[in-house]
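Participant: Can you read through this structure? Questions will come right after.
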Amino acid sequence: MKVLSFLFLVFPFALIAQTKIKTVEVSDTIQSIAIDRPGDLYVITKGGHYQRFNENGELEILYKHAPPTLFDPHDGSRLFAYYRPKQEYVYMNPSFEISSGYRVDSAFVIQPWLICPSGDHRLWVLDAADHRLKKINAQSTEVEVEAEIDLGVISDVRSISTMRDYQGFVFLLKPGVGIYIFSRMGKHVKTIEAPAISSFNFIGQELYYSEKEKIILLDLFTAETREIPIPGIKGDVIISENRLFAASPTSVTIYEFKP
């Protein structure tokens, strides 16, 4: 893997028109949205409604359960959810039915603030008790990586709202600050200052987030950045190869997208 350097190069952008397809209304306040690799949309509400829509906004599955602390649909065949109050993480099938569930072993993690999957059998855990980032092999219950987070970088890990593993890096979002990037060994690499954002995602080998009516994309291997204007589109934004999903508090609008 190439070393992730951060000599940012911002490429000029051209205005890209978006054609609206549909607005999907939900009956509850949206907590988060996500897409899987095939491009299906997942909407989780604060009341615990789990909904999956196809790329045209047609409802495919509706399920009711406690709202998760963190949800990751991954490839759409094995969904992941973490529930902090119970210190439990589960795997779901495509119909949101729980296929397996596990409690976090207190022998390795004292106060799990966030947990996210790393491949099929490994987990990244943010432990609020000892301020450490830990990678655990769930099959062997072995701690493979354990790194203390510098208090000068993050003073309190309980301020982190979400965590993702992607392309060998770990990403932590702190509202009001931005995105912290850590290496596969748990070492801090870079902080992306983006205080206004509440989510981020990935497409191909790029990290992206939306702010000020544009999408900012960072190539994780070349450190080049590019911007895509989305005039008039606000809120949390997720993109696939041919769709843009923009969430408001109680709806998601779907656009054709041709970056």
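No value in this document is a laboratory result; all are computed from the given coordinates. Keep in mind it's a predicted model, so treat the numbers as computed, not measured. Glycine also receives a Cβ, built like all others from the backbone with ideal geometry; neighbour counts cover every protein chain displayed.
Participant: Residue under question is residue 72, and the condition is that it be crowded, with 18+ Cβ neighbours inside 10 Å, touching a residue at least 12 places away in the same chain (Cβ under 8 Å), of a type in the set (Asp, Glu) and under 20 Å from residue 33 (Cβ atoms); does it hold? Walk me through it before giving the result.
Facilitator: Working: crowded, with 18+ Cβ neighbours inside 10 Å: yes; touching a residue at least 12 places away in the same chain (Cβ under 8 Å): yes; of a type in the set (Asp, Glu): yes; under 20 Å from residue 33 (Cβ atoms): yes.
Judged against the criteria, residue 72 is a match.
Participant: Here's a follow-up. Please specify each residue of the range 67-114 satisfying the condition of being among the hydrophobic types (A, V, I, L, M, F, W, C), out of contact with any Phe, Trp or Tyr (no Cβ under 9 Å at 6 or more places or on another chain) and in a loop (DSSP other than H, G, I, E, B).
Facilitator: 107, 108, 109, 110
Participant: Would you call residue 202 under 30 Å from residue 155 (Cβ atoms) and within 17 Å of the chain's Cα centre (by Cα)? Please lay out each step first, then the result.
Facilitator: On the way: under 30 Å from residue 155 (Cβ atoms): yes; within 17 Å of the chain's Cα centre (by Cα): yes.
Spelling it out, residue 202 is indeed under 30 Å from residue 155 (Cβ atoms) and within 17 Å of the chain's Cα centre (by Cα).
Participant: Name every residue in the range 217-247 that is under 18 Å from residue 171 (Cα atoms) and acidic (Asp, Glu), in order of residue number.
Facilitator: 219, 224, 236
Participant: How many residues are assigned to a strand (DSSP E or B) and either over 16 Å from the mean Cα position of the chain (by Cα) or of a type in the set (Val, Ile, Thr) (or both) when one looks only at the range 26-49? Spell out how you get there, then give the answer.
Facilitator: As a first pass, look at the range 26-49 and keep what is assigned to a strand (DSSP E or B): 30-35, 41-45, 49.
After this cut, where a residue has to be either over 16 Å from the mean Cα position of the chain (by Cα) or of a type in the set (Val, Ile, Thr) (or both) as well, the list is 30, 33, 35, 43-45, 49.
Residues flagged as assigned to a strand (DSSP E or B) and either over 16 Å from the mean Cα position of the chain (by Cα) or of a type in the set (Val, Ile, Thr) (or both) within the range 26-49 amount to 7.
Participant: Turning to a different aspect of this structure: Do you know which residues across the range 137-183 are hydroxyl-bearing (Ser, Thr, Tyr), assigned to a loop (DSSP other than H, G, I, E, B) and closer than 22 Å to residue 73 by Cβ? Break it down stepwise before answering.
Facilitator: The first filter runs over the range 137-183 and keeps only residues hydroxyl-bearing (Ser, Thr, Tyr), leaving 140-141, 155, 159, 161-162, 166, 180, 183.
Checking which are assigned to a loop (DSSP other than H, G, I, E, B) leaves us with 140-141, 155, 161, 183.
Residue satisfying the conditions is 161 alone.
Participant: Would you be able to say whether some residue in the range 217-239 is free of Cβ contacts under 8 Å to residues at least 60 places away in the same chain, out of contact with any Ser or Thr (no Cβ under 9 Å at 6 or more places or on another chain) and farther than 18 Å from residue 38 by Cα?
Facilitator: Yes - at least one qualifying residue is present in the range 217-239.
Participant: Further question on the same structure: So which residues in the range 148-165 are out of contact with any Lys or Arg (no Cβ under 6 Å at 6 or more places or on another chain), surrounded by fewer than 17 Cβ atoms within 10 Å (Cβ to Cβ) and more than 24 Å from residue 88 (Cβ to Cβ), if there are any at all?
Facilitator: Result: 150, 151, 152, 153, 155.
Participant: Test residue 110 against the criterion of being of a type in the set (A, V, I, L, M) and either buried (at least 18 other Cβ atoms within 10 Å of the Cβ) or touching a Pro at 6+ places or on another chain (Cβ under 6 Å) (or both), and give yes or no. I'd like the intermediate steps shown before the answer.
Facilitator: Values: of a type in the set (A, V, I, L, M): yes; either buried (at least 18 other Cβ atoms within 10 Å of the Cβ) or touching a Pro at 6+ places or on another chain (Cβ under 6 Å) (or both): no.
Here the answer is no, as residue 110 does not meet what is asked.
Participant: Listed residues 178, 168; which is within 23 Å of residue 217 (Cβ to Cβ), surrounded by fewer than 17 Cβ atoms within 10 Å (Cβ to Cβ) and either within 20 Å of the chain's Cα centre (by Cα) or among the polar types (S, T, N, Q) (or both)? Talk me through it step by step, then tell me what you get.
Facilitator: Values: 178 fails: surrounded by fewer than 17 Cβ atoms within 10 Å (Cβ to Cβ).
Matching residue, one of 178, 168: 168.
Participant: Looking at residue 139 and the list (1) more than 26 Å from residue 175 (Cβ to Cβ); (2) touching a residue at least 24 places away in the same chain (Cβ under 8 Å); (3) not hydroxyl-bearing (Ser, Thr, Tyr), which single condition is not satisfied?
Facilitator: Unmet for residue 139, out of (1) more than 26 Å from residue 175 (Cβ to Cβ); (2) touching a residue at least 24 places away in the same chain (Cβ under 8 Å); (3) not hydroxyl-bearing (Ser, Thr, Tyr): (2).
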